[in-house]
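Please read the structure below before turning to the comments.
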Amino acid sequence: MSTRITIKDLDRAVIELNSLLGYTMGQEGSFCLQGSYGGWQLQRKCGIGNEAVTNGFIPKRKLFDRITDIRRGVQITKKVLNLNAYYTN
């Protein structure tokens, strides 16, 4: 049985994602959460509003897993880019 995901867990995951990308909360380009219709959505700050990163409003567990996947992708990409920089110098 999986652990229950809370809003606090989602907030922490978004903060870690922003930190990994060098953003602070509320900064242009940073990620934030939006709740509606009993579900949650990952959004990105742009201009005067936000744009959806995930489709629709989904359960907290599903969104937490998607944010975790995005974070892993960013970590892998950073690692690959650092390796490429190492091998090209």
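Any read-out appearing in this document is the output of simple, stated calculations on the displayed coordinates, not a laboratory observation. Please read these numbers as outputs of a predicted model, since none were measured by experiment. Don't worry about glycine lacking a Cβ; one is built from the backbone with ideal geometry, like all the others, and counts go over all protein chains shown.
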Here is a list: T54, T3, T24. Which entry is within 10 Å of the chain's Cα centre (by Cα) and assigned to a loop (DSSP other than H, G, I, E, B)? T54
For region 28-65, enumerate the residues that are touching a strand residue (DSSP E or B) at 6+ places or on another chain (Cβ under 7 Å), surrounded by 12 or more Cβ atoms within 10 Å (Cβ to Cβ) and not hydrophobic (A, V, I, L, M, F, W, C). S30, Q34, G39, Q41, Q43, R44, K45, N50, T54, P59, K60
Taking region 41-86 on its own, how many of its residues are among the acidic types (D, E) and within 21 Å of R4 (Cα to Cα)? 2
Qualifying positions in region 6-60 - under 21 Å from G73 (Cα atoms) and β-branched (V, I, T): V14, I15, T24, V53, T54, I58
